[in-house]
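Below: one structure, written as structure tokens.
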Amino acid sequence: MMNFIKSIFQGRYILGSLIKQDLKNKYRNSFLGFAWSLITPLGLVLIIGIVFSKLLGQPIRTFIPYLFSGLIPWLYIAQCAEGGTGAFLAAEGYIKQTQTPIEVFPVRVAVVAFVQMLLSLAAFFLTYLLLDVNQFSFKMVLLIPALFIWLVLGIALSVGSAIAHTLVRDYGPIQSLILQGLFYATPIMYPAEILKDKNFAWIYQWNPFYYLMEVIRRPLMGQKVPDLIHWEVSLLFVGAIFFLSVFALEAIGRKIVFRI
Amino acid sequence: MCFIKLENVNLVYNIRKETKIKDLFLNRFRQESQSLEIEGKIHALKDINLTINSGDRLGIIGPNGAGKSSFLKLIAGIYPPTRGRLSVRGKIACLFELATGFEMEATGWDNIFLRGLMLGQTPKTIREKVREIAEFSELGKYLDIPVKYYSSGMFMRLAFSVSTAIEPEILLLDEVIAAGDAAFLVKANQRMKSLMGKVKILVFVTHSMDSLKNFCNTCIWMENGQMKMMGVPEQVSNSYISLISQS
């Protein structure tokens, strides 16, 4: 644990430089560049908004914010977990040539995804402002601790999948399938009540991602404060997978070089 | 005070036998051969005990596959020892396999910066050196474009210029570097020589007995992952050569 933090601190300049490169690369050779980070989610809102309101008769004003306050965090989870699988493999040249702490590479994936999530959230708030300015409230301050939990979550997922996929190359495809399944099993696109009404409440009650979702979604929506149980389960789950993946990384350490 | 200390150091590569689902069905019909893959291990370094102190200029000779490069990479902290203890004090620079480890989409300038950081510089110190590195590389306006457009020679120049600019205390050198064209090679050799004179410890893998005698004051002959002989360069290289000419 202390070693992990020490290594990240030691490699902080490298980490910063790699993250800067990644963010720059994302929109290299693009005319609008960084603006796409805002435009893409806004465009999605427009498309999905039209589809759901015209075809399915959902009320835009409440449905759009609900959908996007769930979708943006979920995309972050997927990006951390999927991106993590290649974190060590893509850094082969660096790992085999320099003493750069290997912890830097999965953390790089998570932080880049986190910055992109923040940009998407800015687009979310912009839309929300136009749709329903009355929902803005002080409850949104709780977003700060929520984001912190989510940052640690992203790092844990990325470190974990980086180790797992480097050791066993079947991990990546399996994880993709699990994520796909979790996407539908977690109340992201639909409210949890739907499952409850059909006596499937256990599906979300036993799903830690439901609690994590509530922790970030409620402050985003500004209507309700997350319940204590949401914070508790989130902290417990994130703490557990963070310690587990960091512990695994410390146990394997530089030996990972033989598996790349 | 710089030193490198190896105590009973062993390095074992595990060769993974790749098992695919189809093998489970096909293996029954196939005659297994006793290959390395089946054995599953390469014992690259065996019980190495060695202390290298400030002022030592250590040359390493031996046939291919003797463990020379593994030895360098172990000291460099890239490969962890499988057993035994390795302690190193001093700032290390390594020169081997120069042309990998770049951000392909980033410019030459950005790559100088990043590589400098990875070699243990801080943003401040690398900024002070960036001009000098750029000048030495002679890449000029090519530094402004992404390195994915570089030729292999240009990669070499870039990597060499950064790696040799950081003023290490310990220099690990694998001779198999040919940096760029003839003109650059002369310059690179000069810089290498001055660097080899300046550093506190030099570990130098070479196949040239001349450079061994010129640059080193002690020498190891490695064979099959073990130190077969250690001593004055003159003496060790003579025994090595006489053995080669016998066979």
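Things to note:
- Matching residues, the stretch A:3-34, being polar (S, T, N, Q), more than 9 Å from chain B (Cβ to nearest Cβ) and part of a helix (DSSP H, G or I): A:3, A:7, A:10
- Number of the exception - residue B:87 against (1) in contact with a Lys or Arg (Cβ under 6 Å, 6 or more places away or on another chain); (2) within 14 Å of chain A (Cβ to nearest Cβ): (2)
- Within the stretch A:77-125, the set of residues being within 21 Å of residue B:75 (Cα to Cα) and either part of a helix (DSSP H, G or I) or within 13 Å of chain B (Cβ to nearest Cβ) (or both) comprises A:91, A:92, A:93, A:94, A:95, A:96, A:97, A:98, A:99, A:100, A:101, A:102.
- Residue A:204 of a type in the set (Ser, Thr, Tyr), farther than 30 Å from residue A:104 by Cα and surrounded by fewer than 13 Cβ atoms within 10 Å (Cβ to Cβ): no
- Search result, residues across the stretch A:97-116 that are in contact with an Asp or Glu (Cβ under 8 Å, 6 or more places away or on another chain), closer than 18 Å to residue B:101 by Cα and in contact (Cβ under 8 Å) with a residue 40 or more places away in the chain: A:108
- Filter pass, residue A:214 being in contact with a Pro (Cβ under 7 Å, 6 or more places away or on another chain) and modelled with pLDDT of 95 or more: yes
- Residue within the stretch B:157-169 that is within 30 Å of residue B:67 (Cβ to Cβ), more than 12 Å from chain A (Cβ to nearest Cβ), surrounded by 13 or more Cβ atoms within 10 Å (Cβ to Cβ) and hydroxyl-bearing (Ser, Thr, Tyr) present: yes
The values are calculated or read from the model by the stated rules, or taken from the named source; none is laboratory data. Predicted model, so just to flag it, every value in this text is computed and none were measured. A quick note on method: Cβ atoms are made from the backbone with ideal geometry, for glycine too, and the neighbour counts reach across all protein chains shown.
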